[in-house]
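Everything on this sheet refers to the single structure shown next.
The values are calculated or read from the model by the stated rules, or taken from the named source; none is laboratory data. Bear in mind the structure is a predicted one, so any value in this text is a computation, not a measurement. No Cβ is skipped: glycine too gets one built from the backbone with ideal geometry, and neighbour counts run over all protein chains shown.
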Amino acid sequence: MKNAFFLLFSIVLLFYGCKKEEENYIEDIKIIREYEGPAPDHFIFELNVSSDVYSKIDNDSLTRHILELNKNERIDYSNNFFGLDKVGNNKIIFHFITPYFLVGKNKRNHISDTLLIEELRKSRDLKLILHFNKEIMEFKNK
């Protein structure tokens, strides 16, 4: 009987002890609308990262980013329309200027900013994939 309790206790500890908390995730998303008419939008992603990722990341090594809204909609390009700010406490702010086709192609320009933000925050499919030279880091909604 002692062996059965010991075995059960060990299995419980194994499952709960090995549970890894996800440290790299999107904490918040904001949109800054630059113009009233059709124009690119400024998205701000507040990212929470682990300390080892925080030390590896810098703006100069960021070569490419991919924003996946779901399996069918994604933006994949490398240009100067993004930037990173390290704000301390393992927090990073990622600035992303959208090409207009993101909002124009899917008729999202008819949706208010608050509805778009809520849609992005609730999405379980949303992924932000950042390429830092040879390292690839993926961030999802928490």
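Filter the range 118-140 down to the residues that are in contact (Cβ under 8 Å) with a residue 40 or more places away in the chain and of a type in the set (A, V, I, L, M, F, W, C), then identify the one that is nearest to ASN24 (Cα to Cα).
By that ranking, first place goes to PHE139.
Can you name every one of the strands (runs of 3 or more DSSP E) wholly within the range 23-126 that holds 1 or more residues which are small (Gly, Ala, Ser) and modelled with pLDDT under 75?
Working: elements: 25-33, 41-48, 62-68, 74-77, 82-88, 91-97.
Correct list: empty, since no element meets the threshold.
Looking at PHE6 and the list (1) closer than 29 Å to ARG124 by Cα; (2) modelled with pLDDT under 85; (3) of a type in the set (Phe, Trp, Tyr), which single condition is not satisfied?
(1)
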